[in-house]
């Protein structure tokens, strides 16, 4: 394997093991919160902070990785923190515990993601879409394995949610092993800790605005799980949402790499616009469709949204960012999206308590605005 791809592949394996554990937790987390009788506001707050805390910290650790001219140490620390937090999460008895330990998991994510993305970006300079596509595909393959595992553990062994979460934490610890062989990336620059060192072009500023509007629309997956759960009863109200989540991850994993390749060829804004429009259709579908077959289609479409959006947004920012402050720029992008995610979680949580369909109307409108804006030159 070429040295450039070796780094990306190893980091993909790290993501695979970490997401194996994480995705054993994610499909059951909203069901666990609902069984505890928590409101939409609490669920929205936990969902928003999960994404928001991580993204805000990505700015700090992206900045520090540029300043120290080191990446790997932050990546190792981040994955270790996330793994330990999952084990602690298995001890939770109140929603406040869940809030603290899921936030700790996201702190770990905030520590590692920007430095890791720089390693990927600099390891495959001419094929960044492909590089991020490889990492996202392996990441989501771990998610597929994790969500399949939780289905089997519930269906055949009837394990409690807490036991499943503890097992998930142990699996996530395996993510530290491939990191031993990852080669650190160093650049010639050495930054002072000042925001003045970050140059943002007009094009990247515009994309920050467009992607922020979409982030406001892109509320937590937990509400999609809860909406589908409400259409079933008995054991199927747990099993079917998990199966739907597996379908989502299979589609995401299968198409992340191809869409990365396509974006490299035809342009990332064209591909991203497709993802924004798909998400508009997803929300429209959740407003009017309620059968299991409809949900299968909608979760397939939801998987395509993530396959199109997740890797290509970061690849596009990496492409536009100034070389001397790439880690900081990626971190800044994460921070903007993260702050917006916290706001989105609070808004959609309140809307969910008021009227469950209102969050899909809210999201559909903003998705359509994002789609329209990114098409404009």
**Prompt:** Among the residues of the range 348-364, which ones are surrounded by fewer than 17 Cβ atoms within 10 Å (Cβ to Cβ), part of a helix (DSSP H, G or I) and touching a residue at least 60 places away in the same chain (Cβ under 8 Å)?
**Reply:** 350, 353, 361
**Asked** What number of residues within the range 171-216 satisfy the criterion of being part of a loop (DSSP other than H, G, I, E, B) and modelled with pLDDT of 90 or more?
**Response** 1
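Condition first: in contact with a helix residue (DSSP H, G or I) (Cβ under 8 Å, 6 or more places away or on another chain) and either surrounded by fewer than 21 Cβ atoms within 10 Å (Cβ to Cβ) or not in a helix (DSSP H, G or I) (or both). Now tell me which residues in the range 232-241 satisfy that. Reasoning before the result, please.
The first filter runs over the range 232-241 and keeps only residues in contact with a helix residue (DSSP H, G or I) (Cβ under 8 Å, 6 or more places away or on another chain), leaving 232, 237-241.
Passing the criteria: 232, 237, 238, 239, 240.
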**Asked** Listed residues 219, 224; which is part of a loop (DSSP other than H, G, I, E, B) and modelled with pLDDT of 90 or more?
**Response** 219
**Item:** From 287, 301, residue being under 20 Å from the mean Cα position of the chain (by Cα), surrounded by fewer than 19 Cβ atoms within 10 Å (Cβ to Cβ) and more than 26 Å from residue 202 (Cβ to Cβ)
**Value:** 301
**Fill in**
The correct count of residues that are more than 14 Å from residue 247 (Cα to Cα) and part of a helix (DSSP H, G or I) in the range 151-160 is 4
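Condition check ((1) without any contact (Cβ under 8 Å) to a residue 12 or more places away in the chain; (2) part of a loop (DSSP other than H, G, I, E, B); (3) touching a strand residue (DSSP E or B) at 6+ places or on another chain (Cβ under 8 Å); (4) surrounded by fewer than 19 Cβ atoms within 10 Å (Cβ to Cβ)) across all residues:
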| site | (1), (2), (3), (4) |
| --- | --- |
| 88 | no, no, no, yes |
| 96 | yes, no, no, yes |
| 117 | no, no, no, no |
| 131 | no, no, no, no |
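The values are calculated or read from the model by the stated rules, or taken from the named source; none is laboratory data. Keep in mind the model is a prediction, meaning the values are calculated, not measured. No Cβ is skipped: glycine too gets one built from the backbone with ideal geometry, and neighbour counts run over all protein chains shown.
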